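The values are calculated or read from the model by the stated rules, or taken from the named source; none is laboratory data. Here the structure is a predicted model, which means the values were calculated and not measured. Glycine gets a Cβ as well: all are built from the backbone with ideal geometry, and neighbour counts include every protein chain shown.
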Amino acid sequence: MNKNTLLIGGVIVVLVGAGLYAYKGVSETKSLGGQIPAEQGQIESLQSFINTANVASGITSGAVFNYKPNGYGNPANFTVTRCVDEVRCDIAIRLEVARFQQSNSPSEDLAEVDILTNKVVSLHRAVPSYVTRDDISQAEIESIAREFISIVYPEFSSVESSLAYDPGMKRGRLNNGNYFFRWNDMSYKLPEGLSMDIPPFIQVGITSSGFIFGYDNTIQIARNISKEEINTTAQ
């Protein structure tokens, strides 16, 4: 066997080995559904969350789950900034959520999942046509909202006493209106040099018939940021 034959054989072995390594890497990275494991975990968490919202809303049939990944970015309702001057403010603490969307009418359904905890931190969805339940009392609506929060955010019972309760309502043309049950963390403070537009909060948006169409929880985002990171960023 000459030297050229040995060289060609060595190249083939290297190429085959590289191909097997690449294939192995892809097979370990992708799930059977085509998602990477982290993304699959986010989808499963979102689906469980929406199932819980549907059960709380009294939905027993007709619901679909067609949420698709829609990139990553900073949470829509939680941004810690450092202002350089009166005009320019930059994001000081980089946070990342996975964004998802689902086609609906009259607007798309949107959701955000914290990539560090796989917890849903935001959901906004249109009221589907199959929701036809009659209006219920405000007391019943608030009870649904509170029970829902206790399931998706069990820590609520231990932090509620430190939050400022701020319920609200918007009248609608076709029903009694939409209710918003909100709790603000007014005690959350940032060091000098850092700021945020609104304090951390939890909010559930729910129709007069008891359908949960909105959820935001930036309190769990804020409480997952260590004081050390905040103080280091402020320096």
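In the set Ser143, Ser150, Ser103, Ser129, which member is touching a helix residue (DSSP H, G or I) at 6+ places or on another chain (Cβ under 7 Å), in the same structural domain as Gly58 (by TED's automatic domain parsing) and surrounded by fewer than 19 Cβ atoms within 10 Å (Cβ to Cβ)? Let's see the steps before the verdict.
Details: Ser143 fails: touching a helix residue (DSSP H, G or I) at 6+ places or on another chain (Cβ under 7 Å); Ser103 fails: touching a helix residue (DSSP H, G or I) at 6+ places or on another chain (Cβ under 7 Å); Ser129 fails: touching a helix residue (DSSP H, G or I) at 6+ places or on another chain (Cβ under 7 Å).
Answer to the check: Ser150.
Just one of the numbered conditions (1) within 23 Å of Glu142 (Cα to Cα); (2) modelled with pLDDT of 90 or more is not true of Arg171; which one?
The failed condition is (2).
Could you name every one of the strands (runs of 3 or more DSSP E) located completely within region 161-225 that has at least 3 residues being touching a residue at least 40 places away in the same chain (Cβ under 8 Å) and closer than 19 Å to Val120 by Cα? Reasoning before the result, please.
Numbers: elements: 168-170, 178-184, 201-207, 212-217.
Strands (runs of 3 or more DSSP E) meeting the threshold: 201-207, 212-217.
Any chance region 170-178 includes a residue that's touching a strand residue (DSSP E or B) at 6+ places or on another chain (Cβ under 7 Å), crowded, with 18+ Cβ neighbours inside 10 Å, assigned by TED's automatic domain parsing to the domain that holds Ile50 and within 30 Å of Cys83 (Cβ to Cβ)?
No, every residue in region 170-178 fails to be touching a strand residue (DSSP E or B) at 6+ places or on another chain (Cβ under 7 Å), crowded, with 18+ Cβ neighbours inside 10 Å, assigned by TED's automatic domain parsing to the domain that holds Ile50 and within 30 Å of Cys83 (Cβ to Cβ).
Taking Ser187 and the conditions (1) buried (at least 18 other Cβ atoms within 10 Å of the Cβ); (2) more than 21 Å from Val55 (Cα to Cα); (3) of a type in the set (S, T, N, Q), which numbered condition does it fall short on, given that it satisfies the others?
All conditions are met except number (1).
Going through region 129-147 one residue at a time, which ones are of a type in the set (S, T, N, Q) and assigned to a helix (DSSP H, G or I)?
Of the residues in region 129-147, the ones of a type in the set (S, T, N, Q) are 129, 132, 137-138, 143.
Hits for region 129-147 are Gln138, Ser143.
Hey, does region 99-110 have a residue that's part of a loop (DSSP other than H, G, I, E, B), more than 20 Å from Asn184 (Cα to Cα) and touching an Asp or Glu at 6+ places or on another chain (Cβ under 6 Å)?
Start the filter on region 99-110 by keeping residues that are part of a loop (DSSP other than H, G, I, E, B), which leaves 103-108.
From the residues that got through so far, the ones that are more than 20 Å from Asn184 (Cα to Cα) too are 103-108.
Now restrict to residues that are touching an Asp or Glu at 6+ places or on another chain (Cβ under 6 Å): none.
Taking every residue of region 99-110 in turn, none turns out to be part of a loop (DSSP other than H, G, I, E, B), more than 20 Å from Asn184 (Cα to Cα) and touching an Asp or Glu at 6+ places or on another chain (Cβ under 6 Å).
Against the condition assigned by TED's automatic domain parsing to the domain that holds Tyr215, closer than 19 Å to Tyr215 by Cα and touching a residue at least 12 places away in the same chain (Cβ under 8 Å), how does Gly71 come out, does it pass? Full working, then the answer.
Numbers: assigned by TED's automatic domain parsing to the domain that holds Tyr215: yes; closer than 19 Å to Tyr215 by Cα: no; touching a residue at least 12 places away in the same chain (Cβ under 8 Å): yes.
For Gly71, the condition - assigned by TED's automatic domain parsing to the domain that holds Tyr215, closer than 19 Å to Tyr215 by Cα and touching a residue at least 12 places away in the same chain (Cβ under 8 Å) - is not met.
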